[in-house]
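Peer 1: Structure in structure tokens, see below.
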Amino acid sequence: MRYVSTRGEAPAVSFLDAVLAGLAPDGGLYVPQVWPQDLNALEFRKQAALGSFAGAARDVLRAFAGDDLSYEEAGKLAAAAYIKPPAPGEEAAWTPAWPDAVTPLVQIGPGDFVLELFHGPSLSFKDVAMQLIGPLYEHALAKRDRRLSVVCATSGDTGGAAVEALKNRDRVDLFVLLPKGRVSDVQRLFMTASGAGNVHALEIDGDFDACQALVKAMFADAPFAQAASLSGVNSINWARIVAQSVYYHVAANVLSGPGRVHFSVPTGNFGDAFSGFVAQQTGAPIGRILMATNANDILARTLATGRYERAATSSATLSPAMDIQVASNFERILFEALGRDGAAVRRLYDQFAQSGGFDIPPAALAVLRAHFDAASATDAETLGGMTAWDYPADPHTAVALYARSKVAEPPEGPHVTLATAHPAKFPDTVSRATGERPPLPKKHAGLMERAERMHALPNDAGAVKDYIRAQSRAFA
């Protein structure tokens, strides 16, 4: 299995090389040269329908890794992510590290379900992928005898999930760029209070888009990226997309019956929604995918008007992890919609860099509309989404619940809303909507009292690179 860049000017690489690199050297994102067809097999669909999450993850990982991972290696990595080995003195049996289903389905109405993705160590959907990426990095780096400086821009949840997956790993130094004043206290503490010496939380004087631009600037500086052995774990990393596609396969096969299952996805950077498309392309019985945005509605505007254009600034909303104006993974779906024409993608993104927008060719727009719907929710509507159902939703999940009511012709069949964060990560907003303050799960009861370690930096690529040079063991 080989991987190519969405901009067409980078050589094809293997799966593990694409994962370790994160971003392609021409500035594009890695995608598979061809879609694997192994996951169309009836046996895989039967296994997914039985809810065997670790087994499904093993098969999905193996299909996308090709010769880079054996079946046994993929199985060990999936087990390390989703199955807890016995502690010393315990019975010699493996027990679930997560709820039995890893991502439980909760029925909230006739044909309506919520897929809970927040049962991992940082209470975010991003744990599902990051807990697999941690052992995958360890495996790949040991094979190549390498060390990495991993950089991560976060709008709130990616950083905490990355910390939980990569803390105390000997071959990785993690640098998390978080936007000043734009994350909740609980989100921040997952990044700043791990106590791990290889974790560095960098508070940037800017919004998420500024943090993301700094990450891209570091990758664009080829000498620095090479010297730092730079990699990224944002959803630009193909491993994130692969791992997130697993829960779509499982949920869709559990619920599909004779028809297809539709999904409503809270989205800012488009990675989670694109993961549903990936599952669809590799055999999952998925119908429509609703991109649910907040006031930062670049994706909803794009689907409605055919023009991809960022606003001057991102708006601070009650769903901060979605306060994004430049959806990185949109480049991947645009590559598909343009018939995998890397030169066309490159021209459009050159235009975007110059003017902040571009028009999508009509044929490509038709492809997008064939797979996706889109709707946005204001803060007031988000609060309404938190009380419209008898379900304790966080504000991001509430955006997706409310956005469904704005779709003019909702598709028939089972509908799944992705619940992307635990309500306790946003206690002030939940309390404002419901009058009840959700408690943290018992395993995180002492989080608010932990000592924090964070370094404030200006919105300046030079300052961030200087900090990484001083702290990364790649420069030792």
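The values are calculated or read from the model by the stated rules, or taken from the named source; none is laboratory data. Everything numeric here is computed off the predicted structure, so don't read it as measured data. Cβ: placed from backbone, ideal geometry, glycine included. Neighbour counts: every protein chain shown.
Peer 1: Can you tell me which of ALA24, ALA54, ALA12 is touching a Phe, Trp or Tyr at 6+ places or on another chain (Cβ under 7 Å) and more than 30 Å from VAL215 (Cβ to Cβ)?
Peer 2: Result: ALA54 is the single residue among ALA24, ALA54, ALA12 that is touching a Phe, Trp or Tyr at 6+ places or on another chain (Cβ under 7 Å) and more than 30 Å from VAL215 (Cβ to Cβ).
Peer 1: Taking only region 63-115 into account, find how many residues are surrounded by fewer than 17 Cβ atoms within 10 Å (Cβ to Cβ) and modelled with pLDDT under 75.
Peer 2: Residues flagged as surrounded by fewer than 17 Cβ atoms within 10 Å (Cβ to Cβ) and modelled with pLDDT under 75 within region 63-115 amount to 15.
Peer 1: Ok, one more. Counting residues that are at pLDDT 95 or above, β-branched (Val, Ile, Thr) and surrounded by 20 or more Cβ atoms within 10 Å (Cβ to Cβ), which helices (runs of 4 or more DSSP H) fully inside region 337-410 reach at least 2?
Peer 2: Passing ranges, in order: 395-403.
Peer 1: Scan region 167-193 for residues that are of a type in the set (Ser, Thr, Tyr) and either at pLDDT 95 or above or at positive phi (or both) and jot them down.
Peer 2: Passing the criteria: only THR192.
Peer 1: Further, regarding this structure: Cβ contacts < 6 Å: first residue on the phi < 0 side of the Ramachandran plot and acidic (Asp, Glu), restricted to region 42-62; second residue crowded, with 18+ Cβ neighbours inside 10 Å and assigned to a helix (DSSP H, G or I), any location; separation 6+ or different chain. Result?
Peer 2: ASP59/PHE44
Peer 1: Additional query: Pick from GLY159, GLY181: which is small (Gly, Ala, Ser) and either touching a strand residue (DSSP E or B) at 6+ places or on another chain (Cβ under 6 Å) or closer than 22 Å to GLN131 by Cβ (or both)? Steps first, please.
Peer 2: Values: GLY181 fails: either touching a strand residue (DSSP E or B) at 6+ places or on another chain (Cβ under 6 Å) or closer than 22 Å to GLN131 by Cβ (or both).
Exactly one residue qualifies, and that residue is GLY159.
Peer 1: Mind checking which pairs have a first residue in region 212-231 that is touching a residue at least 12 places away in the same chain (Cβ under 8 Å) and on the phi > 0 side of the Ramachandran plot and a second that is of a type in the set (Gly, Ala, Ser) and buried (at least 23 other Cβ atoms within 10 Å of the Cβ), Cβ under 8 Å, 6 or more apart or different chains?
Peer 2: Between residues of region 212-231 that are touching a residue at least 12 places away in the same chain (Cβ under 8 Å) and on the phi > 0 side of the Ramachandran plot and residues that are of a type in the set (Gly, Ala, Ser) and buried (at least 23 other Cβ atoms within 10 Å of the Cβ), the close pairs are SER229/SER149.
Peer 1: Then there is this: Can you tell me which residue within region 110-156, out of those that are among the small types (Gly, Ala, Ser) and part of a helix (DSSP H, G or I), is nearest to the chain's Cα centre (by Cα)?
Peer 2: ALA129
A quick yes/no check of all residues on (1) within 21 Å of ALA24 (Cα to Cα); (2) out of contact with any Pro (no Cβ under 8 Å at 6 or more places or on another chain):
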position: ALA142; (1), (2): no, yes
position: ARG171; (1), (2): no, yes
position: ARG182; (1), (2): no, no
position: SER194; (1), (2): no, yes
position: GLN212; (1), (2): yes, yes
position: ALA222; (1), (2): yes, no
position: GLN244; (1), (2): yes, yes
position: VAL250; (1), (2): no, yes
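Peer 1: Given the criteria modelled with pLDDT under 95 and buried (at least 23 other Cβ atoms within 10 Å of the Cβ), does MET291 qualify?
Peer 2: The answer is no for MET291.
Peer 1: Can you confirm whether region 207-227 contains a residue that is modelled with pLDDT of 90 or more, within 26 Å of PRO395 (Cα to Cα), in contact with a strand residue (DSSP E or B) (Cβ under 6 Å, 6 or more places away or on another chain) and outside any helix (DSSP H, G or I)?
Peer 2: Yes, region 207-227 has at least one match.
Peer 1: Then there's this: Please specify each residue of region 165-199 satisfying the condition of being buried (at least 23 other Cβ atoms within 10 Å of the Cβ) and either assigned to a strand (DSSP E or B) or acidic (Asp, Glu) (or both).
Peer 2: Selection gives VAL172, ASP173, LEU174, PHE175, VAL176, LEU177, LEU178, PRO179, VAL199.
Peer 1: Working only within region 433-462, note down all residues that are exposed (fewer than 15 other Cβ atoms within 10 Å of the Cβ) and not in a loop (DSSP other than H, G, I, E, B).
Peer 2: LYS442, LYS443, MET448, GLU449, HIS455, ALA456, GLY462
Peer 1: Can you confirm whether GLU331 is modelled with pLDDT of 95 or more, under 18 Å from ALA213 (Cβ atoms) and in a helix (DSSP H, G or I)?
Peer 2: yes
Peer 1: Considering only residues that are touching a strand residue (DSSP E or B) at 6+ places or on another chain (Cβ under 7 Å) and outside any loop (DSSP other than H, G, I, E, B), look in region 30-53 and name the one that is surrounded by the most Cβ atoms within 10 Å (Cβ to Cβ).
Peer 2: Looking at the filtered set, the residue picked out is TYR30.
Peer 1: Answer yes or no as to whether ILE236 is β-branched (Val, Ile, Thr) and part of a loop (DSSP other than H, G, I, E, B).
Peer 2: Numbers: β-branched (Val, Ile, Thr): yes; part of a loop (DSSP other than H, G, I, E, B): yes.
Spelling it out, ILE236 is indeed β-branched (Val, Ile, Thr) and part of a loop (DSSP other than H, G, I, E, B).
Peer 1: Next question, about the same structure. Of all residues in region 411-423, count the ones that are under 24 Å from ASP127 (Cβ atoms) and not in a strand (DSSP E or B).
Peer 2: 3
Peer 1: Report every pair of residues separated by at least 6 positions or lying on different chains whose Cβ atoms are under 9 Å apart, first residue within region 170-187 and among the acidic types (Asp, Glu), second at pLDDT 90 or above and part of a strand (DSSP E or B).
Peer 2: Pairs that qualify, where the first residue is among the acidic types (Asp, Glu) and the partner is at pLDDT 90 or above and part of a strand (DSSP E or B), are ASP173/LEU148; ASP173/SER149; ASP173/VAL150; ASP173/VAL199; ASP173/HIS200.
Peer 1: Additional query: Yes or no: region 266-284 includes at least one residue that is of a type in the set (Ser, Thr, Tyr), surrounded by fewer than 24 Cβ atoms within 10 Å (Cβ to Cβ) and either assigned to a loop (DSSP other than H, G, I, E, B) or at negative phi (or both).
Peer 2: yes
Peer 1: While we're here: Quick test of your reading of the structure: GLY159 fulfils all but one of (1) of a type outside the set (S, T, N, Q); (2) part of a helix (DSSP H, G or I); (3) modelled with pLDDT of 95 or more. Name the failing condition by number.
Peer 2: (3)
Peer 1: Considering (1) under 26 Å from PRO427 (Cα atoms); (2) in contact with a helix residue (DSSP H, G or I) (Cβ under 9 Å, 6 or more places away or on another chain); (3) among the acidic types (Asp, Glu), say which one ASP209 fails and leave the rest.
Peer 2: Result: ASP209 passes all but (2).
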